[in-house]
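The structure appears below as structure tokens.
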Amino acid sequence: MNELLDAAPQAAPVCGRIAAMVDGDMFDRAPRALKDGEVLELGRRRVRWLDAPHLPHGWECGYLFEGSTATLLCGDLFTQPGADHPALTRDDILEPSEAMRRAMDYFAHGPDAPRLLEKLAATSPRVLACMHGRAYEGDGAALLRGLTRALDAAT
């Protein structure tokens with residue numbers, strides 16, 4: 001991250017308040033800490049930070065939602081294996097991500113997971129931008145609710 005910051009001297013790292021508190025000293029400059037629901041203007045785009053502690057794992061978890069494209073940057077929620085896939089799909093990503101989760105369960109299974117997933121679903125995302133695997137285009141709210149059901153069935 002610091003190499004990227006060196007290349008962009010006017011930039012600042014962005015994260016939630018918890019991440020700023022526990023990891024903020026790892027950057028050469030202080031991060032911009034967003035509170036739950038805070039909107040950050042990015043020129044033509046605006047992103048809203050959504051706190052989601054322990055979903056799927058770390059205390060500092062949270063997600064960015066970009067409203068004009070209805071894109072939820074959903075981190076590890078739908079991790080899928082493989083590299084030979086199109087970048088964007090309308091195909092199911094829940095089952096491949098569930099197979100991965102079952103093989104190496106990296107979810108915290110916190111009691112707030114259903115509420116937090118519903119909070120994310122309430123944004124009505126049309127694109128789920130996954131950190132690992134294909135991005136999904138379609139009814140993102142339905143997929144997030146499907147994840148809630150899958151996690152419930154796993155416990």
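The values are calculated or read from the model by the stated rules, or taken from the named source; none is laboratory data. Everything numeric here is computed off the predicted structure, so don't read it as measured data. Note that we place each Cβ from the backbone using ideal geometry, even for glycine, and neighbour counts take in every protein chain shown. The area values use the complete protein model at the heavy-atom level, side chains included, leaving out ligands, DNA and RNA. Shrake-Rupley method; radii C 1.70, N 1.55, O 1.52, S 1.80 Å.
List of remarks:
- Taken together, Asp36, Asp51 contain a single residue that is within 14 Å of the chain's Cα centre (by Cα), free of Cβ contacts under 8 Å to residues at least 40 places away in the same chain and open to solvent by 70 Å² or more (accessible area, probe 1.4 Å), which is Asp36.
- Failed item in (1) open to solvent by less than 70 Å² (accessible area, probe 1.4 Å); (2) assigned to a helix (DSSP H, G or I), with Arg149 passing the rest: (1)
- Of all residues in segment 107-125 being out of contact with any Ser or Thr (no Cβ under 7 Å at 6 or more places or on another chain), assigned to a loop (DSSP other than H, G, I, E, B) and open to solvent by 30 Å² or more (accessible area, probe 1.4 Å), the one that is farthest from Thr71 (Cα to Cα): Pro111
- Pro81 falls short on exactly one of the conditions (1) modelled with pLDDT of 95 or more; (2) touching a Gly at 6+ places or on another chain (Cβ under 8 Å), and that condition is (1).
- Among residues of segment 126-138, those that are assigned to a loop (DSSP other than H, G, I, E, B) and either in contact with a strand residue (DSSP E or B) (Cβ under 6 Å, 6 or more places away or on another chain) or surrounded by 16 or more Cβ atoms within 10 Å (Cβ to Cβ) (or both), counted: 4
- Within segment 1-27, the set of residues being open to solvent by 100 Å² or more (accessible area, probe 1.4 Å), assigned to a helix (DSSP H, G or I) and farther than 12 Å from Trp59 by Cβ comprises Glu3, Leu4, Asp6, Asp25, Met26.
- Summed over segment 66-89, the residues that are assigned to a strand (DSSP E or B) and surrounded by 21 or more Cβ atoms within 10 Å (Cβ to Cβ) give a count of 2.
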